[in-house]
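Here the structure is laid out as structure tokens; the discussion comes afterwards.
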Amino acid sequence: MSRAFPLRAVLASAAVLTAIAPIALPAPAMANSSSHTAAAAGRHTGPDVISTRAADVYPEGVAWDPTRRAFLVGSALKGTLSVVRLDGTVTELAPSIGMVSTLGVRVDTARNRILVAYSDFWIRQRLDVGDQPPTSGVAVFALDTGKLQRRIDVAKGLSRTFANDLTFDPRGNIYVTDSVSATLQRIDLAGHVHPVVTDPRFAADIVGLNGITWHPDGYLLALRYDNGAMFRITPNAPAHRKVAEVKLSQPLVGTDGLALRPDGSMVVVTNSIGEAVGAPGGVDAVTVVDSKDGWHSADVRSREEPWPVSGPTTVAVTPYGDYVLSGEVGVVLAGETSDRITLRRVARAGTKHHATGHHSVSRHSTSNRGNNR
């Protein structure tokens, strides 16, 4: 954990973050190819691969925004929120919220909200944050305008804190994982923070509990990054019944992000990014798991290993298919630089992706700031 960013990159990043200034992204170039391919029967069409470029973004989290028909991504380095369209255009939606990483992203259309987990856990290991105390929380943006509405602190003065991913239930309660804490937290609609449960199986030195999702049957499913354990968490259950470990046919070590499909199966994205900072990692892979007993146990339905694009972090379920994000987060954690962003669609049963011959959109795009709606 002693690697440092190249000096010029560090100084430039610190200046932008300290000023909390908008990122000026270069104008987009023409796409190399705009051809789309038909998806499986009954689904919309869209590109198999969206390959684009955006300087200093390094997105770790992604969500599908049905109002824009585009993806929303955070920034592990700059604390921004950006729009990535199906043609590869990248547009900043919200400027930096400070010297933090914007990580897990969720869209709550019913309440016109974009929910973003943020933390300076990685930032403070790479940059001088001055007198800023350890910082973690949830930022709430207006979905229609991208305007920051509120920041909700979940660190509560802790010396180590790492808000990493989040989800929400039908009532609008937000659930936030802290990857170095044994406590899962809930934020109600008024912005008050409440502990849901504290369990020693959640805690870790670097990256423990990470990806999380709400299941429509009234419970949460979450996975640890370092050992691949999955937990079924029922917030309103008695204390001794709140948390149960899901019996997996194989551990999903290196799990970063996950998402439930409409058919009830789950897409799980694993990677080895944590190795850059001393955390046990898995392999770059995308696994589909399902359960026949209400997620008391789960089996692997399919697995694509290795994933064709290195460093995948999470997945967004869309009308066009399930897109896995690779935003070069591992590159920046290793002290190097890149501007590549890739969203690759998961192959459905009966379809195959090949190294060549797939339809894709490629764009050298680091566009001007603005609401790309």
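The values are calculated or read from the model by the stated rules, or taken from the named source; none is laboratory data. None of these values were measured; they are calculated from a predicted model. Don't worry about glycine lacking a Cβ; one is built from the backbone with ideal geometry, like all the others, and counts go over all protein chains shown. For accessibility, only protein heavy atoms count, side chains too; no ligands or nucleic acids. Shrake-Rupley method; radii C 1.70, N 1.55, O 1.52, S 1.80 Å.
Look through the range 325-364, keep the residues that are farther than 20 Å from residue 310 by Cβ and of a type in the set (Gly, Ala, Ser), and return whichever of them is modelled with the highest pLDDT.
So, considering only residues that are farther than 20 Å from residue 310 by Cβ and of a type in the set (Gly, Ala, Ser), the one modelled with the highest pLDDT is 349.
Any idea which of 135, 167, 177 is open to solvent by less than 70 Å² (accessible area, probe 1.4 Å), within 24 Å of residue 270 (Cβ to Cβ) and in contact with a Ser or Thr (Cβ under 7 Å, 6 or more places away or on another chain)?
Among 135, 167, 177, only 167 is open to solvent by less than 70 Å² (accessible area, probe 1.4 Å), within 24 Å of residue 270 (Cβ to Cβ) and in contact with a Ser or Thr (Cβ under 7 Å, 6 or more places away or on another chain).
When you scan the range 227-251, how many residues do you find that are free of Cβ contacts under 8 Å to residues at least 40 places away in the same chain, outside any strand (DSSP E or B) and within 19 Å of residue 166 (Cα to Cα)? If you could, list the steps in order and put the result at the bottom.
Taking the range 227-251 and keeping what is free of Cβ contacts under 8 Å to residues at least 40 places away in the same chain, we get 229, 231, 234, 236-238, 240-241, 251.
If we keep only those that are outside any strand (DSSP E or B) as well, we get 229, 234, 236-238, 240-241, 251.
Retained after the next criterion (residues that are within 19 Å of residue 166 (Cα to Cα)): 229, 234, 236.
Count: 3.
Is it the case that the range 19-41 has a residue that's in contact with a Lys or Arg (Cβ under 8 Å, 6 or more places away or on another chain), open to solvent by less than 50 Å² (accessible area, probe 1.4 Å) and either at pLDDT 95 or above or among the polar types (S, T, N, Q) (or both)?
No, the conditions are met nowhere in the range 19-41.
Tell me yes or no: at least one residue of the range 277-300 is among the polar types (S, T, N, Q), at pLDDT below 95 and either in a loop (DSSP other than H, G, I, E, B) or open to solvent by 20 Å² or more (accessible area, probe 1.4 Å) (or both).
Taking the range 277-300 as the starting set, the residues that turn out to be among the polar types (S, T, N, Q) are 287, 291, 297.
When the remaining residues are screened for being at pLDDT below 95, the result is none.
No, the range 277-300 contains no residue that is among the polar types (S, T, N, Q), at pLDDT below 95 and either in a loop (DSSP other than H, G, I, E, B) or open to solvent by 20 Å² or more (accessible area, probe 1.4 Å) (or both).
Could you check, for the range 117-130, whether at least one of its residues is in a strand (DSSP E or B), at pLDDT 95 or above, under 20 Å from residue 315 (Cα atoms) and not polar (S, T, N, Q)?
yes
In the range 204-228, what count of residues is obtained for those that are open to solvent by less than 10 Å² (accessible area, probe 1.4 Å) and closer than 18 Å to residue 299 by Cβ?
Of the residues in the range 204-228, 3 are open to solvent by less than 10 Å² (accessible area, probe 1.4 Å) and closer than 18 Å to residue 299 by Cβ.
What number goes with the only condition from (1) over 17 Å from residue 176 (Cβ atoms); (2) modelled with pLDDT under 95; (3) touching a strand residue (DSSP E or B) at 6+ places or on another chain (Cβ under 7 Å) that residue 88 does not pass?
All conditions are met except number (2).
State all residues of the range 183-217 that are more than 22 Å from residue 111 (Cβ to Cβ), part of a loop (DSSP other than H, G, I, E, B) and in contact (Cβ under 8 Å) with a residue 24 or more places away in the chain; if no residue qualifies, say none.
199, 201, 202, 204, 205, 206, 207, 208
Within the range 98-116, how many residues turn out to be open to solvent by 10 Å² or more (accessible area, probe 1.4 Å) and outside any strand (DSSP E or B)?
Within the range 98-116, the first condition is being open to solvent by 10 Å² or more (accessible area, probe 1.4 Å), and the residues that meet it are 99, 106-107, 109-113.
From what is left, the residues that are outside any strand (DSSP E or B) are 99, 109-112.
Selection size over the range 98-116: 5.
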